[in-house]
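Peer 1: Input: one structure, supplied below.
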Amino acid sequence: MNDQELREAFKDPHNVVEAAALYDTILVCNKYYGSEINVRGWYTSFAAFAAAQDMRFFKVRTEGTAGLPYTNQQSADSMEFPFMAYSMGLAFFAPASNMMGNAYEEDMDGAGDTVAAGLNPGIPHFWQFDLPSHAAIALKTNQDVRAEVTAYACPPGYGPMGGGAAFEMDTTGEGGSLYLAHAQINSFGTQGVPVLSNRFRFPVPIAIPKNATIEGLLYLSAYARDVIGSWRGPDHYLFNMPGNDDIYVKEFPMRFGIQMSLFGYRLVQQRGQYHK
């Protein structure tokens, strides 16, 4: 579809056609910062995420509160410009490091060492690679449902790809600690090959008028809700940090997310013109 056809589809011969993307993100993290604390539709625990009845994209968050890394929506309830959606993607992302747990003080040898507890490398893996098999997404504009597909049918077309693992080599014959044995495990990837042509393309591009409401609805199976609802956390990254005479563990909150994106074209006003 060329520029003229796009303008005719919107019945607006004046404005300029530009390539554009819309994206919005649901997060699960045990700590938020600044204005993030007031963001709707973000969760502080896996249990709260699994129990939520409505998980929505493009409806409740804005760039002003959530930040541009997570959404580029300027308005939470309507489109700011006419938009022609060509493709849809859904990305499930988790920490690349499977070093997920809590650090606590345990004076095992009188030295007051900080050790790691609660390691669970399976959680990031399930979130990225298994959860999409048990989820679906629907796109709704105004009162009409325009598409309903499974999550794995909507690869995002972007994201990291690859992975690896390394384990401690114990030369003492006494066995290494649980923390060190897992310290270098990492696993990361995306749904499908990360090239932009590898997305769910609408058979017919979807025209979304200015001021129309737009909404993505995420659905999880009962199985997915039961599995995720049983998890503790999200916990923390655990990093070895230099201390005075020893190594101690520093914690940083881990973030799990699901990001929905629409790629297409928008109509914008030319400079000096004031059309709808």
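Peer 1: Quick check on the exposure proxy: order C154, C29 from fewest to most C-beta atoms within 10 angstrom.
Peer 2: Ascending number of Cβ neighbours within 10 Å: C29, C154.
Peer 1: Pull up all non-local amide H partners of Q191: gap of 5 or more, or a different chain, and H-to-H distance under 5 Å with H placed in the peptide plane.
Peer 2: Amide H to amide H, under 5 Å and 5 or more residues apart or across chains, Q191 pairs with F92.
Peer 1: If the limit is 25 Å between Cα atoms, which of K31/K250; K31/K59; K31/K210 go over it?
Peer 2: In this structure, K31/K210 lie more than 25 Å apart at Cα.
Since every read-out is calculated from the coordinates, none of them should be taken as a lab result. What you see is a predicted model, and the numbers here were worked out from it, not measured in a lab. Heads up, the Cβs are rebuilt from the backbone with ideal geometry, glycines too, and the neighbour counts pull from every protein chain shown.
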